[in-house]
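J.: First, the structure itself, so that you have it in front of you.
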Amino acid sequence: MKTDILAVPRGFWSLLTGMRVTLSQFFKPIVTVQYPRQTLKMPPRYRGHIELILDPETQRSRCTACKLCERACPSDCILVEGAKFEGEKKKSVTQYELDFTKCSLCGACIEACPSDAIKFSREYNLASTSKEGYHYDLVKRLAEEKERKSL
Amino acid sequence: MSPTLDQIREHFSGPGLALSVTPTEHAAKGYHLDVSVAPAGIVPAAQALYALGFGLDAITGVDWIAQNEMEVVYDYFHPASPLRIVVRSRAPRDNPEFPTLSDVFPGARWHERETHDFFGIRFAGHPNLIPLLLPEDADYHPLRKEGAP
Amino acid sequence: MSLLSTEPLRLLASLLLIIAFVGLNAAYLVLAERKGAGRFQNRPGPNEAGYGGWLQPVADVLKLISKQIMVPPESDRLLFRMAPLVVLTPAMMCLAVVPFSDTLVARNVNVGLLMVFSFGSINVMAILLSGWASRNKYAIMSAARVVSQNVAYEIPMLLVVITLLMSTGTLDLSEIIKQQAGGFWHWNFFRLDVNPLAPVTFVIFFICMLAEANRAPFDMAEAESELVAGAFTEYAGMGFGVFFMAEYANIVLGCSLATVLFFGGWQTGLGALPASWGAWKVLIGLGFFLAKMYALVFTVIWVRWTFPRTQFYGLLNLSWKILIPISLFTLLLSSVMIKLFA
Amino acid sequence: MSAPLKIEPATGSGETFVLNLGPQHPAAHGVLRVKMTMDGEYVMRAEPVIGYIHRMHEKMGENRPLAHFLPNTGRVDYLSALHYNHAFVGAVERAAKLEVPPRAEFIRVITSELNRISSHLVWWSAFLLDLGGFTPLLYAFDDREKILDLLEGLTGSRLTYCYFRFGGVVEDLDPGFAERTRKFIAEMRPRLKMYRQLVTDNIILRKRLEHIGPISPDLCLKYGATGPVIRGSGVSYDVRRAEPYSVYSQLDFDVPTFPESDSMARYLVRMEEIVQSLRIVEQALDKLPDGPVLGKVPRVLKLPPGDYCYAVEAARGRHMVRIVSDGKEAAYRLKLRTPSFSNLSLFEEASKGMLLADALALMGSLDLVIPDIDR
């Protein structure tokens, strides 16, 4: 019986401590980010969709279309075609299709690439109205990037 | 109070209980004792292990199409001792029939329904052997090896 | 003659004012609640519509109005449509009796408190009506809960009010406030000479008010995780909007009643104001009344964003086994104190 | 439903009605449907119907080479993805007898324990949301955000990690990871005190959870429930102690158990486990050796024939991966023993005759992740 009597004030005290905690939080600063207006910087190892690396010296992609990444991908999202231009020892990439709808960002392709020609990009807001919107042509994106860099 | 490995081994080495009892290296295989019994021996083995305080961990079905056999592997764990016991049993592939464990371990009901879903293995005496994970009217068994889609 | 010429117009004007007050309050209390919840949770709360979010209530109302009100097929059409009205009207009528300031009271009935409690209990019928009419399993379960909850919490509330009436001696709300004139130690909350457990009675009154309005730890009616949206599951658009308004009208009513009964209504608590101020006194009184009321409304919001929901049996036990015994004891204690000392 | 379902006669007095909880319901975390035969507010029989998010991971494991199954492991139980990575990678290493450098093992322990804390924080907030408390969710996700930033900086992903490889981990710790983790641990401890004041000691929560949903140790044995559920029934069974894997034997932490075996005990077990995980991460950071993070792995991995198991202590309990290999490149049979499957299977028996609100409190205390059940 005695514990019941004491339980009421002790219980009420626990309610008050709970309210004190929330009140102390009431005056703490806001921790959230107003997303569309403020955005956060992604860390260097952030895994966006993969993209071809622009080799600084040769101003071209290092990819030799060896299709190792195509074979390493668990969900076959990569389609690589290459051609051997005369005057060069190795083949160079002409078409690099990435089907990002099936990609699970596991990084198997990047590890399999012998001439480390691809890396994760840091893009995350990839809205699109159709599935085709997620079929990225990495060669075209590389060309655009080269133009942007040369401006 | 926790049972020891040899206590279980000499239990299973009794007459007609187990086809073979092979202690295994936990670091190499992940379990301490591998007992293979005839389908009839599954329930007594479960009752004996339950009496020793073991709990049923998982039921795995394996489809050995080459040997034309269906295998069922029962995993047991013990809350107080690190022992892991595996009891396996095989039945002909065209009529895979095993007695149910749901009287000893009610938890086996779901495991058996799932194994039935994937392999078509029937568990005699199971109170409610309808599909668990597959749609109610599923008549295909995806994990069978004969090229099920 | 005077009754014909001025009184009906004045009454009509004050009723319209009250309806506007309830409507505006409901809209902006929703914003205050969401902003308050945000601040309690270290986030800004709605701030997209209008600067700082002040247009959010307008957006909410427009959204609710534009939604189509669907009446579920086999439900009881008449009762389904009547429920939202039945839930809102008692709250508004009770506010007609609450004195916002010295002369700012719609109709000063000398049994004001009795009227408030009699209308207050219609609220339960409305939720029962909506639960029953929408023929939805969740709604019926929630309606059953609401009835037993409100019955359980009506009794301690009345006991507490009776304890108070013994010291005030009148049911007229304006009269009660006038008795609490002078310094704030004259407020019933601090009148320990008459009722040594006055703060306890206030806490009990506050808890019962929360339970009556189905708020915070006692939101059994709208227990999302179990009953989806409880008695209002089938209501969409303005149907749900009216229930929402009724909930906030009940909170405002409860808090204003608590202010009137315990914290001296529109009394400033700093002694009598000089007569020379005249008309200003009414406004100052109104300001103090609203300040006290909104402080209590803030506490209601504060309580909601702190505690989980009580279990249904815990709720009933709290009332029958704890609140009623304590309020009976304070009743006894207060009557003994009045008999001996007053 | 075409198949005739056998429903036992209700034991209650009046007539009963069937209430469908889910698959779209705020209390069912994910697509779990519970067919509740109710007598008024009392649950006569609560039969979980699962399979709404069944993806047949085990078939995927069979028709693709071992390395291609790695991203799947993170998607079985997305709240403790790193534990599931660890189990699959461990099973393959145990079968192919691969050497894992000690630094990689310590990194695995650090990241797994951080993942356990973030999983417990999600459980805690979802559980309180079920009980009607909204604010703790925001505080818990604020803290969890710090863990996700740590792991995002290290592994690149926030929820479904694919960071472990056969023989080690993908990349070494990124610069500043150790300092940021220590700072996080220092900040987390006072937050845990705040959680205790706000929620654990709260009388309303105590009344909601004490003596609710008793699960006896025998029931745990019968249904194979493990993890915080069996530790909430007073049995201190933890795979990290029972079958020490990785470097857990070198770290000292204690396994919290509470004998009351009710929802409150399971709640306290998980809150105590967060404290223990913080201790483990701290010790592992101190003992972190130098050296490579990826051992030598043959290009084409073929496992010797046989049946190999590897079990880890995931956030929800014992997760075991069994690989039956016939010497080819793909696994002949891949069995994923998931804890939520067994933990949920005892719900029908444990929730008989309870109130609806208590049955949901019990289900919340089991900490279910539905894809973990359906696989």
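J.: Hand me the GluC sites (Glu not before Pro) from the stretch A:45-119 located in a DSSP loop with no more than 15 other Cβ atoms within 10 Å, in residue order please.
T.: A:Glu57, A:Glu86, A:Glu88
J.: Tell me, which cysteines of chain D are without a disulfide-compatible partner by the Cβ under 4.7 Å rule?
T.: D:Cys220, D:Cys309
J.: Would you mind checking the tilt of helix D:102-130 against the longest principal axis of the Cα atoms of chain D, expressed as 0 to 90 degrees and rounded to 10?
T.: In chain D, helix D:102-130 runs at an angle near 20 degrees to the longest axis.
J.: At most 11 other C-beta atoms within 10 Å and a DSSP loop state: those are the exposed GluC sites (Glu not before Pro) I care about. Give me the longest piece of chain D that has none.
T.: Value returned for the longest uninterrupted segment is D:100-375.
J.: Arrange the residues C:Met70, C:Met238 by how much accessible surface each exposes, largest first, with a 1.4 angstrom probe.
T.: Descending order: C:Met70, C:Met238.
J.: Additional query: Can you give the angle from 0 to 90° between the axis of helix D:177-195 and the longest principal axis of chain D, with both taken from C-alpha atoms, to the nearest 10?
T.: The answer is roughly 20 degrees.
J.: Largest first, how would B:Asp137, C:Asp60 line up by accessible area (1.4 Å probe)?
T.: Solvent-accessible surface, decreasing: B:Asp137, C:Asp60.
J.: Roughly to the nearest percent, how much of the accessible area of the stretch C:267-342 is carbon and sulfur, given a 1.4 Å probe?
T.: 79 percent
J.: Moving on. Limiting things to C-alpha atoms, what are the Rg and the maximum Cα-Cα separation (Dmax) for the protein assembly as shown, in angstroms?
T.: Looking at the protein assembly as shown, its Cα Rg and Dmax stand at 33.6, 116 Å.
J.: Same structure again: Taking chymotrypsin sites (Phe, Trp or Tyr not before Pro) that fall in a DSSP loop and have at most 14 other Cβ atoms within 10 Å as cut points, what is the longest piece of chain C between them?
T.: C:55-340
J.: C:Gln68 to A:Ala143: FRET efficiency via 1/(1 + (r/R0)^6), r the Cβ-Cβ distance, R0 60 Å, to the nearest 0.05?
T.: Calculated transfer efficiency: 0.70.
J.: With θ set to phi - 60° and the Karplus curve 6.51 cos²θ - 1.76 cosθ + 1.60, what are the ³J(HN,Hα) couplings of the stretch C:45-59 in order, to the nearest whole Hz, using x for Gly and Pro?
T.: Result, ordered by residue: x, x, 9, 8, 7, x, 5, x, x, 6, 8, 4, x, 4, 4 Hz.
J.: Further question on the same structure: Can you list the residues in the stretch D:173-213 whose accessible area drops by at least 30 Å² when all protein chains are present, compared with the chain alone? Use a 1.4 Å probe, heavy atoms only.
T.: Buried-area filter returns D:Met194, D:Gln197, D:Leu198, D:Asn202, D:Ile203, D:Ile204, D:Arg208.
J.: How high is the relative contact order of chain C, given as a whole-number percent (alpha carbon pairs under 8 Å, six or more residues apart)?
T.: Relative contact order comes out at 24 percent.
J.: Accessible surface of C:Lys178 in the full protein assembly, 1.4 angstrom probe, to the nearest 10 Å²?
T.: Looks like 100 Å² after rounding.
J.: Can you give me the long-range amide H partners of D:Arg165? Hydrogens built in the peptide plane at 1.01 Å from N, cutoff under 5 Å, separation of 5 or more residues or another chain.
T.: Amide H neighbours of D:Arg165, under 5 Å, 5+ apart: D:Val170.
J.: Next up: Just for the Cα atoms in the stretch C:1-127, what are the lengths along the principal axes, largest first, rounded to whole Å?
T.: On the principal axes, the stretch C:1-127 reaches 55, 44, 26 Å in Cα extent.
J.: Taking amide H positions as placed 1.01 Å from N in the peptide plane, with prolines and chain starts having none, which residues 5 or more places from D:Val49, or on another chain, fall under 5 Å of its amide H?
T.: Amide H neighbours of D:Val49: D:Arg33, D:Val34, D:Lys35.
J.: To the nearest 10 square angstrom, how much accessible area does A:Tyr35 have with a 1.4 angstrom probe?
T.: 110 Å²
J.: Shifting gears a bit: From the P(r) of the stretch D:240-304, can you give the percent of Cα pairs sitting at distances over 17 Å?
T.: So the pairs more than 17 Å apart make up 61 percent of the total in the stretch D:240-304.
J.: Still on this structure, please answer the following. Normalise the Cα radius of gyration of the stretch D:216-347 by 2.2 N^0.38 Å (N = residues in it) and let me know the number.
T.: 1.26
J.: Which whole-number percentage describes the relative contact order of chain A, with Cα contacts under 8 Å and a sequence gap of 6 or more?
T.: 25 percent
J.: Continuing with the same structure: To the nearest hundred square angstrom, how large is the accessible surface buried between A and D, total for both chains, probe 1.4 angstrom?
T.: 2000 Å²
J.: If you don't mind, another one. Per residue, what volume in Å³ does the convex hull of the Cα atoms of the stretch D:55-348 enclose?
T.: Taking only Cα atoms, the stretch D:55-348 has a hull volume of 126 Å³ per residue.
J.: Still on this model: Keeping all protein chains in position, work out how much accessible area A:Cys77 exposes to a 1.4 Å probe, and write it in Å² to the nearest 10.
T.: Approximately 10 Å² for this residue.
J.: Suppose R0 equals 35 Å; then what is the FRET efficiency for A:Arg60 and A:Tyr134 from their Cβ-Cβ distance, rounded to the nearest 0.05?
T.: With R0 = 35 Å, the Cβ-Cβ based efficiency is 0.85.
J.: Turning to a different aspect of this structure: Before we go on, tell me the buried accessible area for the D/C pair, both chains summed, 1.4 Å probe, in Å² to the nearest 100.
T.: In total, this chain pair buries about 2400 Å².
J.: A follow-up question, please. Counting other Cβ atoms within 10 Å of each Cβ, which trypsin sites (Lys or Arg not before Pro) in the stretch D:270-312 have at most 16 and sit in a DSSP loop?
T.: Loop-located and lightly packed - D:Lys287, D:Lys296, D:Arg299, D:Lys302.
J.: In addition: I need the P(r) histogram for the stretch D:29-78: all alpha carbon pairs, bin width 5 Å from 0 out to the longest distance, whole percents.
T.: 4, 17, 18, 14, 13, 9, 9, 7, 5, 3, 1
J.: Now, a different point. Could you order D:Tyr248, A:Tyr46 so the one with the most accessible surface comes first? Probe is 1.4 Å.
T.: A:Tyr46, D:Tyr248
J.: Let me ask something else about it. Which value, in Å², gives the accessible area per residue of the stretch C:2-341 when a 1.4 Å probe is used on the protein heavy atoms?
T.: 42 Å²
J.: Can you tell me how much longer the chain between C:Trp185 and C:Thr103 gets when fully stretched, taken as 0.36 nm per residue apart minus their C-alpha distance, in nm with one decimal?
T.: The C:Trp185-C:Thr103 span can extend by a further 27.2 nm.
J.: Next question, about the same structure. Specify, per residue and in Å³, the volume enclosed by the convex hull of the alpha carbon atoms belonging to the stretch B:1-99.
T.: Convex hull of Cα atoms, per residue: 98 Å³.
J.: Still on this structure, please answer the following. Just need the Rg to Rh number for the stretch D:89-204, please, alpha carbons only, Kirkwood Rh.
T.: Over the Cα atoms of the stretch D:89-204, Rg/Rh equals 1.06.
J.: Same structure again: Under the rule of -39500 (n - 2.57) per DSSP H run of 4 or more residues, summed and divided by the residues of chain D, what mean residue ellipticity at 222 nm is obtained, to the nearest 500 deg cm²/dmol?
T.: -14000 deg cm²/dmol
J.: Long-range amide H contacts for C:Gly50: which residues qualify at under 5 Å (H placed 1.01 Å from N, peptide plane, sequence gap of 5 or more or a different chain)?
T.: C:Leu55
J.: Are there any residues in the stretch D:41-64 with a reduction of at least 50 Å² in accessible surface when going from the isolated chain to the assembly of protein chains? Probe 1.4 Å, please list them by number.
T.: The answer is D:Glu41, D:Ile50, D:His54, D:Met56, D:Lys59 - residues whose exposure falls by at least 50 Å² when every protein chain is included.
J.: Roughly how many whole Å is it from the C-alpha centroid of the stretch C:112-148 to that of the stretch B:59-97?
T.: 58 Å
J.: Using each residue's phi in the stretch C:325-339, evaluate 6.51 cos²θ - 1.76 cosθ + 1.60 at θ = phi - 60° and report the 3J(HN,Hα) Karplus result to the nearest Hz, with x for Gly and Pro.
T.: Coupling constants for the stretch C:325-339: x, 5, 5, 5, 5, 5, 4, 4, 4, 5, 5, 4, 4, 5, 4 Hz.
J.: I would also like to ask the following. Under 25 Å between alpha carbons, and skipping anything fewer than 8 positions from D:Lys352 in its own chain: which lysines qualify?
T.: Excluding near neighbours in sequence, the set is C:Lys137, D:Lys6, D:Lys35, D:Lys207, D:Lys222.
J.: Give the share of C-alpha pairs in each 5 angstrom bin for the stretch A:50-150, from 0 to the last occupied bin, in whole percents, shortest bins first.
T.: Pairs per bin, as whole percents: 2, 12, 23, 26, 20, 11, 4, 1, 0.
J.: Then there is this: Considering only protein heavy atoms and a 1.4 Å probe, what is the carbon-and-sulfur percentage of the accessible area of the stretch C:107-198?
T.: 72 percent
J.: Karplus couplings for the stretch D:333-343 from phi (6.51 cos²θ - 1.76 cosθ + 1.60, θ = phi - 60°), rounded to Hz, Gly and Pro as x?
T.: Once rounded to whole Hz, the list reads 8, 10, 9, 10, 8, 10, x, 5, 4, 6, 4.
J.: Turning to a different aspect of this structure: Probe radius 1.4 Å, ligands and nucleic acids left out: can you give me the accessible area buried at the D-B interface, summed over both chains, in Å² to the nearest hundred?
T.: 4100 Å²
J.: Show me the three semi-axes of the equivalent ellipsoid for the stretch C:2-341, from the C-alpha gyration tensor (sqrt of 5 times each eigenvalue), largest first, rounded to whole Å.
T.: Computed over the stretch C:2-341, the values are 33, 25, 20 Å.
J.: Would you mind giving the three semi-axes, in whole Å and largest first, of the ellipsoid equivalent to the stretch A:10-107 according to its Cα gyration tensor?
T.: 54, 17, 10
J.: Check each of the trypsin sites (Lys or Arg not before Pro) in the stretch C:1-90 and keep only those in coil by DSSP with at most 15 other C-beta atoms within 10 angstrom; list them in order.
T.: C:Lys67
The values are calculated or read from the model by the stated rules, or taken from the named source; none is laboratory data. Quick caveat, the model's predicted, so the values are computed rather than measured. Every residue, glycine among them, receives a Cβ derived from its backbone with ideal geometry; neighbour counts consider all protein chains shown. Only protein heavy atoms, including side chains, enter the accessible area calculation; ligands, DNA and RNA are left aside. Shrake-Rupley method; radii C 1.70, N 1.55, O 1.52, S 1.80 Å.
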